[in-house]
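Participant: One structure, as structure tokens, below. Some questions next.
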Amino acid sequence: MGEGSLGVSVRKRRPLLARGDGVGVVATGFPVRHEAYAAGLRWLRRRYRVVTGDHVEAAEGYLAGDDDRRIADLNRMFRDPDLAAVWFARGGYGTARLLERVDWRALRRHPKLLIGYSDLTALFAPARKRSGVRCLYGPVVEELADAGAANRRWLDSMLRGDRTELRLRKRDIWVPGKAAGTLVGGNLVVLNHLLGTRFAEDTRDGILFLEEIGEETYRIDRMLTQWRQSGGLRGLRGVVLGAFVGHQRTKPFPPDRDLRQVLLEAFEPLGIPVVAGVRAGHVRGKRAMPLGGRVTIDAPARRLRFDPAAP
């Protein structure tokens, strides 16, 4: 899926994260890949005052250390009043295991920007609901030294809190209309696993952003069916679809279905605007999505507007 051009407002805004601010770094999912992590850390240190978790380079099988170590690092950052952000080292899996032990009260007392994607969806949904913080669904620390991993100009505009917009291509307007609301969502699989828990995403009056990688179409169909049947799609104002990078099928039978058709079957009956083609999620050149910020879909004007600092 492609996308149109970038426009950035020049009006001065209070930055979400400014040069010289304190940034905490932790790993709540998979273990870090040390070379990529070290390079990303150097990138961060040229711009911010960085504090790393005591166990950020630990490993226990597929986790970055046991649950006790990972939650200790995370809560330490949330309790630090001198940090403006927590930038996560890596995604993968493991963050959801920690949610019952997160110090949400500390995060409310000392709100900070949370930055990451994929597995961090599990933390971002309850963090916004319980503590009112902003989250950038964008590159993890391991990706920061790779100039092609994320759209740097877009990331900088989000960190500054600029009003920013994308021009949509006609083919990416799947259901026309206008809508505005708070951007919510993230990775489809992770959000699906939160359904039925007290940490589930609250989509009411929101603009739902979704992205996914490596899932066959029938699995996406199954997840969206669960969302519909559980009531998780009620009250939505609009849908923004990021990158959906499919799984390489090895079985010729049964035949596949068109992914666009499956997505439209889930969202078109809601009678709300649906736009696609945003380069966000598990894709190179990703654009950071300001979860908790205000988003406006203006299909007649073919524009998607973001205000990451809006109340």
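Participant: Does the range 53-71 include one or more residues that are without any contact (Cβ under 8 Å) to a residue 60 or more places away in the chain, in contact with a helix residue (DSSP H, G or I) (Cβ under 8 Å, 6 or more places away or on another chain) and closer than 22 Å to Pro15 by Cβ?
Facilitator: no
Participant: Look at Gly2 and say whether it is at pLDDT 95 or above, part of a loop (DSSP other than H, G, I, E, B) and within 20 Å of the chain's Cα centre (by Cα). Break it down stepwise before answering.
Facilitator: Values: at pLDDT 95 or above: no; part of a loop (DSSP other than H, G, I, E, B): yes; within 20 Å of the chain's Cα centre (by Cα): yes.
For Gly2, the condition - at pLDDT 95 or above, part of a loop (DSSP other than H, G, I, E, B) and within 20 Å of the chain's Cα centre (by Cα) - is not met.
Participant: Additional query: Within the range 211-240, take every residue that is among the small types (Gly, Ala, Ser) and over 20 Å from the mean Cα position of the chain (by Cα) and give me the one that is surrounded by the fewest Cβ atoms within 10 Å (Cβ to Cβ). Step through it out loud before you land on a result.
Facilitator: Taking the range 211-240 first, the residues among the small types (Gly, Ala, Ser) are 214, 230-232, 235, 238.
Those still in the list that are over 20 Å from the mean Cα position of the chain (by Cα) too: 230-231, 235.
Numbers: Ser230: 13, Gly231: 10, Gly235: 14.
Of everything passing the filter in the range 211-240, Gly231 is surrounded by the fewest Cβ atoms within 10 Å (Cβ to Cβ).
Participant: Answer yes or no as to whether Pro139 is surrounded by fewer than 18 Cβ atoms within 10 Å (Cβ to Cβ), modelled with pLDDT of 95 or more and outside any helix (DSSP H, G or I). Steps first, please.
Facilitator: On the way: surrounded by fewer than 18 Cβ atoms within 10 Å (Cβ to Cβ): no; modelled with pLDDT of 95 or more: yes; outside any helix (DSSP H, G or I): yes.
The answer is no for Pro139.
Participant: Of the numbered conditions (1) more than 16 Å from Ala85 (Cβ to Cβ); (2) touching a Pro at 6+ places or on another chain (Cβ under 8 Å), Val133 satisfies every one except a single condition; which is it?
Facilitator: (1)
Participant: Right, next: Quick check on the range 64-102: of everything there that is basic (Lys, Arg) and part of a loop (DSSP other than H, G, I, E, B), which residue is nearest to Gly281 (Cα to Cα)? Give the steps one after another, and end with the answer.
Facilitator: In the first step, residues of the range 64-102 are kept if they are basic (Lys, Arg); the result is 69-70, 76, 79, 90, 97, 101.
If we keep only those that are part of a loop (DSSP other than H, G, I, E, B) too, we end up with 79, 90.
Details: Arg79: 29, Arg90: 13 Å.
Looking at residues that are basic (Lys, Arg) and part of a loop (DSSP other than H, G, I, E, B), I get Arg90.
Participant: Are any of the residues in the range 172-190 among the charged types (D, E, K, R), at pLDDT 95 or above, under 20 Å from Arg287 (Cβ atoms) and not assigned by TED's automatic domain parsing to the domain that holds Ala127? Please lay out each step first, then the result.
Facilitator: Step one: of the range 172-190, the residues among the charged types (D, E, K, R) are 172, 178.
Filter again for at pLDDT 95 or above, leaving 172, 178.
From what's left, under 20 Å from Arg287 (Cβ atoms): 172.
This time we only want the ones that are not assigned by TED's automatic domain parsing to the domain that holds Ala127, so: 172.
Checking the range 172-190: at least one residue is among the charged types (D, E, K, R), at pLDDT 95 or above, under 20 Å from Arg287 (Cβ atoms) and not assigned by TED's automatic domain parsing to the domain that holds Ala127.
Participant: Taking the range 295-311 as the search range and keeping residues that are of a type in the set (D, E, K, R) and within 19 Å of Asp156 (Cβ to Cβ), which one is surrounded by the most Cβ atoms within 10 Å (Cβ to Cβ)? Outline the logic, then answer.
Facilitator: Let us first name the residues in the range 295-311 that are of a type in the set (D, E, K, R), namely 298, 302-303, 305, 307.
Checking the rest, the ones that are also within 19 Å of Asp156 (Cβ to Cβ) come to 305, 307.
Details: Arg305: 17, Asp307: 20.
It comes out as Asp307.
Participant: Pull up the range 46-63, narrow it to residues that are assigned to a loop (DSSP other than H, G, I, E, B) and of a type in the set (Ser, Thr, Tyr), then point me to the one that is surrounded by the fewest Cβ atoms within 10 Å (Cβ to Cβ).
Facilitator: Just the residues of the range 46-63 that are assigned to a loop (DSSP other than H, G, I, E, B), to begin with: 46-48, 53-59, 61-62.
In the following step, the residues that additionally are of a type in the set (Ser, Thr, Tyr) were identified as 48, 62.
Details: Tyr48: 21, Tyr62: 11.
Step by step, filter the range 46-63, then rank; the result is Tyr62.
Participant: Mind counting the residues in the range 114-136 that are surrounded by fewer than 24 Cβ atoms within 10 Å (Cβ to Cβ) and of a type in the set (A, V, I, L, M, F, W, C)?
Facilitator: Within the range 114-136, residues that are surrounded by fewer than 24 Cβ atoms within 10 Å (Cβ to Cβ) and of a type in the set (A, V, I, L, M, F, W, C) number 1.
The values are calculated or read from the model by the stated rules, or taken from the named source; none is laboratory data. Keep in mind it's a predicted model, so treat the numbers as computed, not measured. So basically every Cβ, Gly included, is an ideal-geometry build from the backbone, and we count neighbours across all protein chains shown.
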